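The values are calculated or read from the model by the stated rules, or taken from the named source; none is laboratory data. Since we're looking at a predicted model, the values are computed, not measured. Cβ placement follows ideal geometry from the backbone for every residue including glycine, while neighbour counts extend to all protein chains displayed.
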Amino acid sequence: MISIPQGTDAQWDALAARLRAIGLTSAWAREQELSSERMPATIASEWLRLKYQVADTPAAYALRLLARDEPVDTRQAVVALGEVGFAFARECGLITETTDGWRSPFRLYLVDDLYLLADRPGATLDIVMGVGLTTELLARAAYPPQRVDAALDLGCGGGALALLMARAAGRVVGSDFNPRAVAMAKVNAALNGIRNVEFREGDWFSSVAGERFDLIVSQPPFLPKRPNEEHVIFMHGGARGDETAHRLAGEMKDYLTEGGVGFILAELVTAPEGVTALLYGEPVDVEVDAAIYAAHLHRKKGREWWDETHQTVAHLRQCGVEELRLAILIIGAGNAEQLVIHRDPWRTMDRSQIDALWVAGTAHDWLERRARVVAGTTMEGECALGEKVRLWTLRSGRGSLRANPQVGDGILDLIRWVTRGETLGACVGGLSATDREKALGVVDQLVRHGILEMV
């Protein structure tokens with residue numbers, strides 16, 4: 001097993017300063033990646049690899065050495081890290097000399113101006129996973145709009161979410177039952193000069209017993225564990241895969257402050273009852289899911305890959321599972337709705353959009369307020385040539401995550417009507433009790449879809 005590199009805060013600070021000085025930042029790396037996006041997927045990765053290989057810059061050398069497992073010679077390593085940085089990286093084991101040059105046994109991820117170290121896939125059964133698209137998705141979804149006193153990253157791994165949340169919290173606790181993950185998270189905190197985070201070893205909530213937090217984030221393991229399969233800490237979430245997520249959803253409320261919110265991201269067979277859930281619009285077939293993880297995590301190829309995949313598929317089908325759905329469970333907010341969010345808004349949604357899903361009160365509470373159309377809201381209609389549009393699609397000016405409502409002329413007339421009066425109550429005051437309730441019900445839904453707002 002490869003030891004976690006150790007150093008003083010001053011040494012890690014100096015290394016991070018060197019990486020910033022040579023321009024190795026997440027913005028720079030993203031700029032390089034853009035050059036490959038115009039390429040077909042079959043050649044994009046190789047194109048980017050060659051781009052870094054021919055680049056004669058310190059940042060490119062450092063990226064090859066630390067992030068891409070591509071060797072550099074001694075001159076290039078020193079140009080990248082500087083004399084002092086090279087000596088430190090060599091002595092602590094961050095880089096090692098191999099037959100074809102200097103390499104790192106770890107992988108550096110560049111995320112939102114953070115430097116995050118992780119194990120390379122396949123190193124050990126207790127490896128510390130790197131930062132993936134789902135981690136970035138959860139960070140955007142949970143990042144608080146206002147500063148909070150205390151936050152918890154439950155099952156923190158290498159500490160990515162904890163370190164991101166540290167920018168918006170007075171203090172952060174990261175907890176993991178893998179001692180290697182806790183050690184790596186402490187290194188990442190030192191590498192980024194973040195001092196308001198504490199990392200603890202413990203089984204889920206055991207390390208924070210009796211404490212409460214304004215924000216809790218968790219990305220528990222959610223792969224299924226077959227009978228007689230060796231348990232892998234960062235992968236297995238139960239026989240079906242989603243048992244751990246269900247358990248955490250049931251326990252998390254006991255560790256939240258009044259008004260606190262918790263976020264859990266997992267692949268689910270079913271969403272827990274009584275919990276608000278944002279569900280990705282496209283369910284995943286179990287065969288596709290199993291094939292992806294057998295290829296990437298088990299590093300299988302050929303017939304071995306095929307067999308590994310279908311052993312998992314057979315197991316899931318014995319458990320009655322045919323498809324899975326990526327989901328974010330929200331504890332302490334919402335009203336236990338299960339909302340399906342399709343691909344484009346799912347990829348870009350953030351905390352402000354999520355918070356906007358749940359409007360305080362109902363139309364009955366807004367009678368003394370005035371309704372107006374949300375700025376930028378548009379309407380689109382389709383019909384055959386020569387025919388009248390019968391249904392209009394309304395698109396919120398602030399990009400609501402809810403489905404765009406389709407309405408007829410009657411609802412459009414209602415919108416015009418309620419936005420012309422001084423107050424909502426004045427608009428509906430002359431209606432019969434039945435019509436009044438219908439009108440308020442429509443207003444309520446239009447507010448929740450981001451079409452109307454009450455001022």
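List of remarks:
- Criterion applied to Val407, Val373 was being in contact (Cβ under 8 Å) with a residue 60 or more places away in the chain and buried (at least 16 other Cβ atoms within 10 Å of the Cβ), and the one residue passing it is Val373.
- With respect to the conditions (1) closer than 22 Å to Pro71 by Cα; (2) surrounded by 16 or more Cβ atoms within 10 Å (Cβ to Cβ); (3) not assigned by TED's automatic domain parsing to the domain that holds Glu229, Gly130 lacks only one, and its number is (3).
- Within the set Arg343, Arg325, the sole residue that is of a type in the set (Lys, Arg), assigned by TED's automatic domain parsing to the domain that holds Pro224 and under 26 Å from Arg247 (Cα atoms) turns out to be Arg325.
- Arg180 vs. criteria out of contact with any Leu (no Cβ under 8 Å at 6 or more places or on another chain), surrounded by fewer than 24 Cβ atoms within 10 Å (Cβ to Cβ), assigned to a strand (DSSP E or B) and in contact (Cβ under 8 Å) with a residue 12 or more places away in the chain: no
- Selected residue (criterion: modelled with the highest pLDDT) from residues of the range 307-336 that are assigned to a loop (DSSP other than H, G, I, E, B) and closer than 30 Å to Val359 by Cβ: Gly332
Yes or no, residue by residue, for (1) in contact with a strand residue (DSSP E or B) (Cβ under 9 Å, 6 or more places away or on another chain); (2) more than 26 Å from Ala139 (Cβ to Cβ):
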| site | (1), (2) |
| --- | --- |
| Ala10 | no, yes |
| Trp28 | yes, no |
| Ala41 | no, no |
| Ala44 | no, no |
| Val72 | yes, yes |
| Thr96 | yes, yes |
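- The set of residues in the range 410-438 being polar (S, T, N, Q) and either in contact with a Pro (Cβ under 9 Å, 6 or more places away or on another chain) or loosely packed, with under 11 Cβ neighbours inside 10 Å (or both) consists of Ser432, Thr434.
- Condition check for Ala190: surrounded by fewer than 24 Cβ atoms within 10 Å (Cβ to Cβ) and either closer than 19 Å to Arg140 by Cα or aromatic (Phe, Trp, Tyr) (or both): no
- Residue list for the range 337-351, filter: charged (D, E, K, R) and part of a helix (DSSP H, G or I): Arg343, Asp344, Arg347, Arg351
- Filter result for the condition that a residue is in contact (Cβ under 8 Å) with a residue 12 or more places away in the chain and surrounded by fewer than 18 Cβ atoms within 10 Å (Cβ to Cβ), over Thr99, Thr25: Thr25
- Count of the range 33-86 residues which are assigned to a loop (DSSP other than H, G, I, E, B) and either within 27 Å of the chain's Cα centre (by Cα) or at pLDDT below 85 (or both): 9
- Some residue of the range 384-402 being surrounded by 14 or more Cβ atoms within 10 Å (Cβ to Cβ), aliphatic (A, V, I, L, M), at pLDDT below 90 and out of contact with any Gly (no Cβ under 9 Å at 6 or more places or on another chain): no
- Looking across the range 408-437, the residues that are closer than 21 Å to Trp392 by Cβ and of a type in the set (Gly, Ala, Ser) come down to Gly408, Gly410.
- When the criteria are applied in full, Ala21 fails the requirement of being over 18 Å from Leu110 (Cα atoms) and either in the same structural domain as Glu91 (by TED's automatic domain parsing) or among the small types (Gly, Ala, Ser) (or both).
- Criterion (modelled with pLDDT under 95, on the phi < 0 side of the Ramachandran plot and not acidic (Asp, Glu)) met by exactly one of Arg171, Arg212, Arg200, Arg247: Arg247
- Flag for Thr244 being in a loop (DSSP other than H, G, I, E, B) and either in the same structural domain as Asp149 (by TED's automatic domain parsing) or surrounded by 19 or more Cβ atoms within 10 Å (Cβ to Cβ) (or both): no
- Members of the range 95-148 found to be closer than 22 Å to Gly202 by Cα, among the charged types (D, E, K, R) and not in a loop (DSSP other than H, G, I, E, B), listed by number: Asp119
- Among (1) in the same structural domain as Asp409 (by TED's automatic domain parsing); (2) in contact with a Lys or Arg (Cβ under 9 Å, 6 or more places away or on another chain) - the single one Thr348 does not satisfy: (1)
- Identity of the residue in the range 247-275, within 19 Å of Leu324 (Cβ to Cβ) and touching a Phe, Trp or Tyr at 6+ places or on another chain (Cβ under 9 Å), that ends up surrounded by the most Cβ atoms within 10 Å (Cβ to Cβ): Ala266
- Scanning the range 276-297 turns up no residue that is part of a loop (DSSP other than H, G, I, E, B) and either closer than 30 Å to Val418 by Cα or more than 22 Å from the chain's Cα centre (by Cα) (or both).
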